[in-house]
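Colleague: Sharing a structure with you now.
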Amino acid sequence: MKKNQLPFLVFTLITLSFFIALEPALAQLDNEFSFQLQNIERRETQTLDGLWSTIVDPLENGFYNHRWLPKDDGYFQNKKMKHPSDLIEYDFDTDEQLMVPGDWNTQAEKLYYYEGTMWYKTEFDFNQQDNQEHYLHFGAINYEAKIYVNGTKVGEHVGGYTSFSLKVTDELIQGTNVLILKVDNKRRRDGVPTINTDWWNYGGITRSVHLVSTPKKHIYDYFIQLDAEKKDHITGWIFVKNSTKGDQINLEIPELDLVKKIDIGEDGKGSFSFKAKPEKWSPNNPKTYQVILKNGSEIIEDHIGFRTIETKGSKILLNGEAIFLKGISIHEEAPFKTGRVTSVEEVRILLQWAKELGCNYVRLAHYPHSETMVREAEKMGLMVWSEIPVYWTVLYENPDTYQNANNQLREMIARDKNRAAVVLWSIANETPIGDARLKFLSQLAAQARSMDQTRLITAALDTQTKRDGVNLIDDPLGEYVDVIGVNSYCGWYGGTPSSCKNLRWDSEYDKPVIFSEFGGGALQGLHGEENERWTEEYQSTVYRNNIEMLKNIEFLAGTSPWILMDFRSHRRHLRRIQSDFNRKGLISEQGVKKESFYIMQEYYNSIEY
Ligand code: GCU
């Protein structure tokens with residue numbers, strides 16, 4: 001503990017009594033790991049990407065009748081006229097089309113601002129095979145989806161940025177199958193995120209869709225990481241569906257000459273922990289190993305890195321060595337075309353810019369980015385801060401909101417738990433101090449820890465106390481995270497740019513602090529005096545002075561300025577300057593670097609690894 005003990009001890013006693021009272025609630029932690037059909041790209045898949053037929057349905061007429069009751073014969077029935085007198089007032093096949101994956105806002109001028117229901121329909125051929133299971137896997141759909149196969153509802157999902165799978169073995173038919181989705185991106189006060197955000201509400205099937213086929217008995221999920229405690233052991237588990245007593249799965253790591261037989265229990269799960277001395281993954285050496293899982297003829301291959309991440313006082317230790325996280329924040333906005341990122345090429349452009357900046361870490365804000373983004377970051381030696389969109393003023397008193405956030409947290413962890421690059425799970429961004437918020441977030445932190453002890457928990461905070469001219473990091477949430485993120489915009493939302501170099505910080509916590517956001521806006525190519533808002537010179541002055549401020553924070557363990565590239569936001573109207581873009585990027589959305597890019601690059605290049 002850094003500061004005088006008494007106030008903190010009193011505070012601790014009060015907080016402890018508060019949580020003792022909550023004990024029953026905390027005891028309701030959902031320890032059932034959220035299994036996920038792991039590693040789609042290495043399975044037998046049929047892509048369903050491409051042009052889908054669509055119907056824009058702002059009044060949800062395809063789902064509700066005129067009494068606002070769900071219809072039995074909604075658009076998901078894909079009805080066709082059989083007789084010339086039939087009355088059917090929709091037809092997917094003569095309506096518009098949209099590309100999947102992709103947001104609809106940037107695909108058609110009339111959909112730029114559209115928030116509501118969009119029906120999607122595609123058809124695919126299927127050849128029935130015996131003794132197989134079949135799943136539909138969706139990379140992400142923003143925001144709420146209902147999914148129908150051949151007119152039968154097979155599932156629904158809430159949350160715009162996490163992947164999920166639905167078993168459809170029983171609903172598929174030989175030959176042509178019809179897949180219809182009701183996608184609704186309306187913002188909801190009780191949603192996660194809630195009704196206001198500083199990013200564009202891109203709606204649609206924004207990541208890829210696959211039909212995945214597996215043997216009847218199949219490896220569904222697995223968790224394989226270096227043990228956080230016994231650092232010379234590879235530990236984890238495998239989950240097999242339709243397993244039978246006595247099943248065994250082979251786990252092989254050829255480069256380590258390891259072949260292990262994993263006994264699978266009656267619950268389908270088999271745990272393991274065995275000695276190993278793998279070369280550690282790190283930004284300078286993003287080493288991954290071919291890991292092969294064998295279930296009879298089913299072979300699942302992955303490439304997994306092994307590393308440890310922990311804290312010691314105000315230091316972050318990667319593989320036991322203190323490391324400074326030289327980062328940048330990134331939204332999932334595509335360079336050049338803008339809209340949601342949909343291709344590995346766009347992912348590589350963004351991450352290559354981060355590498356050029358001198359980064360060893362990327363803060364993927366404010367929601368889980370695509371699996372492709374995380375896997376490419378891992379290959380390129382970039383540590384990842386991955387975050388769920390518990391952003392600003394979600395309804396902390398609402399149990400359904402909590403469950404939604406909890407589901408998105410579990411889905412985020414379930415998808416990327418084998419990615420060594422992911423070192424930080426972030427549970428929130430800029431959430432207002434309050435008892436309900438503290439309970440909501442401390443439970444999420446506990447949930448994340450109960451699922452994954454191999455990563456650090458963090459959150460980006462924007463509430464500090466001014467004491468004797470010093471900014472004091474004393475948000476009570478600091479008690480529940482391993483690493484404290486601080487968002488602070490000296491020179492942009494307060495103070496003059498030149499005042500920032502004299503700003504001093506202190507912390508109530510003996511924990512690492514990452515400046516998860518700082519910066520300011522500039523229209524690329526606009527030049528003028530340093531005191532002229534929106535010029536590159538103004539932004540450069542903000543950066544120069546904030547960097548001087550950072551150099552005086554001895555408990556600083558990293559930073560990820562806001563933001564790599566300009567991105568679209570409903571909050572940024574100023575014509576000729578913003579035109580619906582947040583201009584805090586170091587690079588314009590057309591890929592042109594601003595002066596501040598080079599200022600930040602020089603700072604990072606001056607920092608030892
Ligand atoms: C906040 C917030 C970002 C936002 C940024 C800004 O810190 O976390 O989502 O875009 O400030 O105001 O530009």
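The values are calculated or read from the model by the stated rules, or taken from the named source; none is laboratory data. As the structure is a computational prediction, the values presented were derived from the model and not from experiment. Cβ atoms come from the backbone with ideal geometry, glycine included; neighbour counts cover every protein chain shown. For the accessible areas, the whole protein counts, side chains as well, though only heavy atoms, and no ligand, DNA or RNA atoms are used. Shrake-Rupley method; radii C 1.70, N 1.55, O 1.52, S 1.80 Å.
Colleague: Using Cα pairs under 8 angstrom and six or more residues apart, how large is the relative contact order of the chain, in percent? Each step should come with its number before you reach the end.
Modeller: Numbers: 1397 pairs, mean separation 72.3, N = 609.
Value for the chain: 12 percent.
Colleague: Each residue of the range 350-359 in order: what ³J(HN,Hα) in whole Hz does its phi give by Karplus 6.51 cos²θ - 1.76 cosθ + 1.60, θ = phi - 60°, with x for Gly and Pro?
Modeller: The phi angles translate into 4, 6, 5, 4, 5, 5, 5, 5, x, 7 Hz.
Colleague: Once you order the gyration tensor axes a ≥ b ≥ c over the Cα atoms, which shape class does the range 229-307 get: rounded for a/c under 1.5, otherwise prolate or oblate by comparing a/b with b/c? The partial results should precede the final answer.
Modeller: Numbers: a/c = 2.43, a/b = 1.83, b/c = 1.32.
Since a/c reaches 1.5 and a/b is larger than b/c, the shape of the range 229-307 is classed as prolate.
Colleague: Take the solvent-accessible surface of the protein heavy atoms, probe 1.4 Å, and return the percent of it on the chain that carbon and sulfur atoms account for. Mind showing how you got there, number by number?
Modeller: Numbers: 12060 of 24020 Å².
The C+S portion of the solvent-accessible surface of the chain is 50 percent.
Colleague: To the nearest 500 deg cm²/dmol, what mean residue ellipticity at 222 nm is calculated for the chain from DSSP H runs of n ≥ 4 alone, each contributing -39,500 (n - 2.57), summed and divided by the residues? Could you put the intermediate results ahead of the total?
Modeller: Details: 7 runs with 109 residues, N = 609.
It comes out at -6000 deg cm²/dmol, rounded to the nearest 500.
Colleague: Which GluC sites (Glu not before Pro) in the range 474-582 pass both tests, a DSSP loop state and at most 13 other beta-carbon atoms within 10 Å?
Modeller: Details: sites: Glu479, Glu508, Glu517, Glu529, Glu530, Glu532, Glu536, Glu537, Glu548, Glu554; in loops: Glu508, Glu529, Glu530, Glu532, Glu554.
Loop-located and lightly packed - Glu529, Glu532, Glu554.
Colleague: Would you mind computing, in nm to one decimal, how far apart the modelled labels at Gln352 and Lys71 are, each placed 7 Å from Cα along Cα→Cβ?
Modeller: Reported label-point gap for Gln352 and Lys71 is 4.8 nm.
Colleague: Right, next: What FRET efficiency, computed as 1/(1 + (r/R0)^6) with R0 = 25 Å and r the Cβ-Cβ distance, is obtained for Glu156 and Glu109, rounded to the nearest 0.05?
Modeller: Working: r = 30 Å, r/R0 = 1.20.
According to the calculation, E is roughly 0.25.
Colleague: Another question about this same structure. For a paramagnetic label modelled at 7 Å from the Cα of Lys216 toward its Cβ, which residues of the range 126-142 fall within the zone defined by backbone nitrogen distances under 12 Å?
Modeller: Counting backbone N atoms under 12 Å from the label point, the list is 130-133.
Colleague: What is the range 468-548 by shape, rounded, prolate or oblate, if you read a ≥ b ≥ c off the alpha carbon gyration tensor as root eigenvalues and call it rounded for a/c under 1.5, prolate for a/b larger than b/c, and oblate otherwise? Walk me through the numbers before you get to the answer.
Modeller: Values: a/c = 3.36, a/b = 2.21, b/c = 1.52.
Taking the square roots of the gyration eigenvalues as a ≥ b ≥ c, the range 468-548 is prolate.
Colleague: List, in the order given, every pair from Lys294/Lys315; Lys379/Lys593; Lys71/Lys241; Lys287/Lys326; Lys80/Lys216 whose Cα-Cα distance in the structure shown is over 29 Å. Please list the in-between numbers first.
Modeller: On the way: Lys294/Lys315 40 Å; Lys379/Lys593 24 Å; Lys71/Lys241 35 Å; Lys287/Lys326 20 Å; Lys80/Lys216 35 Å.
Where the Cα-Cα span goes over 29 Å, the pairs concerned are Lys294/Lys315; Lys71/Lys241; Lys80/Lys216.
Colleague: Could you work out how much longer the chain between Gln46 and Lys167 gets when fully extended? Use 0.36 nm per residue separation minus the Cα distance between them, nm to one decimal. Show your work: numbers first, answer last.
Modeller: Numbers: separation 121, 0.36 × 121 = 43.56 nm, distance 1.46 nm.
Full-extension gain reported as 42.1 nm.
Colleague: Give a residue-ordered list of calculated ³J(HN,Hα) values for the range 185-199 (Karplus: 6.51 cos²θ - 1.76 cosθ + 1.60, θ = phi - 60°; whole Hz; x for Gly, Pro).
Modeller: 9, 4, 6, 10, 4, 8, x, 9, x, 8, 6, 10, 9, 9, 8
Colleague: Now for a different question. With an 8 Å Cα cut-off and a minimum separation of 6 or more residues, compute the relative contact order for the range 229-307 in percent.
Modeller: On the way: 143 pairs, mean separation 24.0, N = 79.
Answer for the range 229-307 is 30 percent.
Colleague: Assuming R0 = 56 Å, can you tell me the calculated FRET efficiency for the pair Leu258 and His83, based on Cβ-Cβ distance, to the nearest 0.05? Provide the component values of the computation, followed by the final result.
Modeller: Values: r = 66 Å, r/R0 = 1.18.
Once the sixth-power term is evaluated, E becomes 0.25.
Colleague: In the chain, if the dipole is taken from +1 on Lys/Arg beta carbons and -1 on Asp/Glu beta carbons about the Cα centre, which of Leu226, Leu318, Ile607 is farthest to the positive end?
Modeller: Toward the positive end, the furthest listed residue is Ile607.
Colleague: On to the next question. With a/c under 1.5 counting as rounded, go ahead and sort the chain into rounded, prolate or oblate using the C-alpha gyration tensor (a ≥ b ≥ c being the square roots of the eigenvalues; past the cut-off, prolate if a/b is larger than b/c, else oblate).
Modeller: The shape class here is oblate.
Colleague: Any idea of the accessible area per residue across the range 319-605, 1.4 Å probe, to the nearest Å²?
Modeller: Values: 8650 Å² over 287 residues.
Per residue, the range 319-605 has an accessible area of 30 Å².
Colleague: Sticking with this one: How do the peptides 64-72, 569-577 rank, highest first, by the average count of neighbouring beta carbon atoms within 10 Å per residue? Present the calculation step by step, with values, prior to reporting the outcome.
Modeller: Numbers: 64-72: 9.8, 569-577: 13.2.
In descending order of packing, they fall as 569-577, 64-72.
Colleague: What is the range 40-215's relative contact order, in percent, from Cα pairs under 8 angstrom and six or more apart in sequence? Intermediate values should be presented prior to the final figure.
Modeller: Values: 377 pairs, mean separation 54.7, N = 176.
Relative contact order of the range 40-215: 31 percent.
Colleague: Short version: ³J(HN,Hα) in whole Hz for each residue of the range 432-444, in order, from phi by Karplus 6.51 cos²θ - 1.76 cosθ + 1.60 (θ = phi - 60°), x for Gly and Pro, what are they?
Modeller: Calculated HN-Hα couplings, in order: x, 4, x, 5, 5, 5, 5, 5, 4, 6, 5, 5, 4 Hz.
Colleague: Please list the non-local residues whose amide H lies under 5 Å from the amide H of Asn177, H modeled 1.01 Å from N, same-chain partners needing a gap of 5 or more.
Modeller: Those qualifying (amide H under 5 Å, at least 5 residues apart or on another chain) are Phe124, Asp125, Phe126.
Colleague: While we're on this one: Hey, can you rank 555-561, 288-294, 254-260 by average C-beta count inside 10 Å, highest first? Mind showing how you got there, number by number?
Modeller: Details: 555-561: 24.3, 288-294: 19.1, 254-260: 13.0.
Highest mean packing first, the order is 555-561, 288-294, 254-260.
Colleague: At a Förster distance of 30 Å, what's the computed FRET efficiency of Arg189 paired with Lys337, Cβ-Cβ distance as r, to 0.05? Don't skip to the answer; put the middle values down first.
Modeller: Details: r = 32 Å, r/R0 = 1.05.
For R0 = 30 Å, the calculated efficiency reads 0.40.
Colleague: If you don't mind, there's one more thing I want to ask. Gap in Å between the Cα centre of the range 40-115 and the Cα centre of the range 516-586?
Modeller: 40
Colleague: Placing +1 at every Lys and Arg Cβ and -1 at every Asp and Glu Cβ, with all other atoms neutral, what dipole size does the chain have around its Cα centre, in debye to the nearest 20? Before the final figure, lay out the partial values.
Modeller: Details: 70 positive and 86 negative charges, 165 e Å.
For the chain, the charge dipole is close to 800 debye.
Colleague: Now a separate question. How far apart, in nm, are the 7 Å Cα→Cβ label points at Gln290 and Asp510?
Modeller: Spacing of the two 7 Å Cα→Cβ label points: 4.7 nm.
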